[in-house]
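Student: The structure under discussion is supplied below as structure tokens; questions concerning it will follow.
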Amino acid sequence: MLWVLPLVAYAGNFKKNFHSTWGHDRVGMFDDGKLLTLTLDKYSGSGFESKSRYLFGKFDMKIKLVPRNSAGTVTTFFLASNGAVHDEIDFEFLGNVTGEPYTIHTNVFSQGKGNREQQFKLWFDPTTDFHTYSITWNPHNIIFSIDGLPIREFKNRGSIGVPYPISKPMKIYASLWNADDWATMGGRVKTNWKEAPFVASYGGFRITACKWARSTKSTNCIESNTNGEKDEWKNQQVNSSEKKWMKMVQRHYMVYNYCTDLNRFPKGLPVECNLS
Ligand SMILES: *[C@@H]1O[C@H](CO)[C@@H](O)[C@H](O)[C@H]1NC(C)=O
């Protein structure tokens, strides 16, 4: 694996590193770019994306989800490459009626194909405080974490034919939209527009990544630690104590796992499902 471009690390400013992509007047920036809000009303949702693309990195986003009755809404934080046959690494937060739990949906797409969903409930209320949702993406694996602890790993098993996002730089995206045809209890509970506008808050981010430069498409990675940047993420894997936590979360909070869905894969589960 060859590395591309300098490492960048910073405590993020939304103004500097992102721009709105749709529902522009529903994207609010506050506190000089330290806080961003997305709003959804009857007419539109909203979204933003990073100005840069990255090929591998660790992406931390602080999010406070839509409070109270969020049924029908979906809040997202994900990475995606360009084009039809794209790669994507997803966090999606499916809202619920007041008092019922959000569902955290995760997925990995490679070469345009997803079908690797795992869904979780949470052990805290994600609407009262900011929590950090992280995607660590390196050549070895993808790790989904919440507040610094892993809930899912997706290993690179390219050598046995499992598609893995390895070559396409990705942007960071986030959005809030109406998906009441499927999001909550399979689409049975609709968005209650009387409660609009719905607001999700993004309270900060941290990107420690290899930034992609279109102009050079260089295959050299400049290892730069001059600013005290940390690059542990490059080789990061779930260690044994983290694995215990991850297994606990998967045992108690996982509500869907493609790897156990025999109805969906009658000819046999995807090959990675039989490997630890
Ligand atoms: C909403 O709450 C119901 C009842 O607890 C639960 O079955 C469902 O999985 C929750 N999440 C979504 C997104 O429907």
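Only the coordinates and a few stated rules stand behind these numbers; no lab work does. Because the structure is predicted, anything quoted here is derived from the model rather than measured. Glycine also receives a Cβ, built like all others from the backbone with ideal geometry; neighbour counts cover every protein chain displayed.
Student: What are the ³J(HN,Hα) values, in whole Hz, obtained from phi via the Karplus relation 6.51 cos²θ - 1.76 cosθ + 1.60 with θ = phi - 60°, for each residue of the range 233-241 in sequence order, with x given for Gly and Pro?
Tutor: 4, 4, 10, 4, 9, 6, 7, 5, 6
Student: Below 8 Å between Cα atoms, with a sequence gap of 6+, how large is the relative contact order for the range 2-274 in percent? Don't jump to the answer; show the numbers that get you there.
Tutor: Working: 670 pairs, mean separation 83.5, N = 273.
Across the range 2-274, relative contact order equals 31 percent.
Student: Given Lys34/Lys62; Lys16/Lys211; Lys62/Lys244, which pairs have Cα atoms separated by over 21 Å? If you can, show how the numbers build up before the last one.
Tutor: Numbers: Lys34/Lys62 11 Å; Lys16/Lys211 15 Å; Lys62/Lys244 24 Å.
In this structure, Lys62/Lys244 exceed 21 Å between Cα atoms.
Student: Does the chain come out rounded, prolate or oblate by the C-alpha gyration tensor, with a ≥ b ≥ c the root eigenvalues, rounded set by a/c under 1.5 and, if not, prolate when a/b is larger than b/c and oblate if not? Walk me through the numbers before you get to the answer.
Tutor: Working: a/c = 1.63, a/b = 1.13, b/c = 1.44.
Verdict is oblate for the chain.
Student: Along the Cα→Cβ direction, 7 angstrom out, place labels at Val85 and Glu195. What is the inter-label distance in nm?
Tutor: In this crude label model, Val85 to Glu195 measures out at 4.3 nm.
Student: Which one of Asn178, Met29, Val85 is farthest out on the positive end of the charge dipole of the chain, using unit charges on Cβ (Lys, Arg +1; Asp, Glu -1) and the Cα centre as origin?
Tutor: Comparing the listed Cα positions along the dipole, Val85 ranks first.
Student: Suppose R0 equals 41 Å. What FRET efficiency, 1/(1 + (r/R0)^6) with r the Cβ-Cβ distance, do Asp31 and Asn274 give to the nearest 0.05?
Tutor: On the way: r = 48 Å, r/R0 = 1.18.
The formula returns an efficiency of 0.25 here.
Student: Still on this structure, please answer the following. Could you check the simple spin-label distance between His140 and Tyr253, using points 7 Å along Cα→Cβ, in nm with one decimal?
Tutor: 2.3 nm
Student: Residue by residue through the range 120-128, what is 3J(HN,Hα) from phi via Karplus (6.51 cos²θ - 1.76 cosθ + 1.60, θ = phi - 60°)? Round to whole Hz and write x for glycine and proline.
Tutor: So the J values, rounded to whole Hz, are 9, 9, 10, 9, 8, 8, x, 9, 9.
Student: Per residue of the range 82-87, in order, report the coupling 6.51 cos²θ - 1.76 cosθ + 1.60 (Karplus, θ = phi - 60°) as ³J(HN,Hα) in whole Hz, putting x for Gly and Pro.
Tutor: For the range 82-87, the Karplus-derived couplings read 7, x, 5, 8, 9, 9 Hz, x marking Gly and Pro.
Student: What FRET efficiency, computed as 1/(1 + (r/R0)^6) with R0 = 25 Å and r the Cβ-Cβ distance, is obtained for Thr98 and Tyr43, rounded to the nearest 0.05?
Tutor: Values: r = 23 Å, r/R0 = 0.94.
The calculated FRET efficiency here is 0.60.
Student: Note down the magnitude of the dipole of the chain about its Cα centre, charges +1 on Lys and Arg C-beta and -1 on Asp and Glu C-beta and zero elsewhere, to the nearest 20 debye. Before the final figure, lay out each step's value.
Tutor: On the way: 34 positive and 26 negative charges, 90 e Å.
Dipole size: approximately 440 debye.
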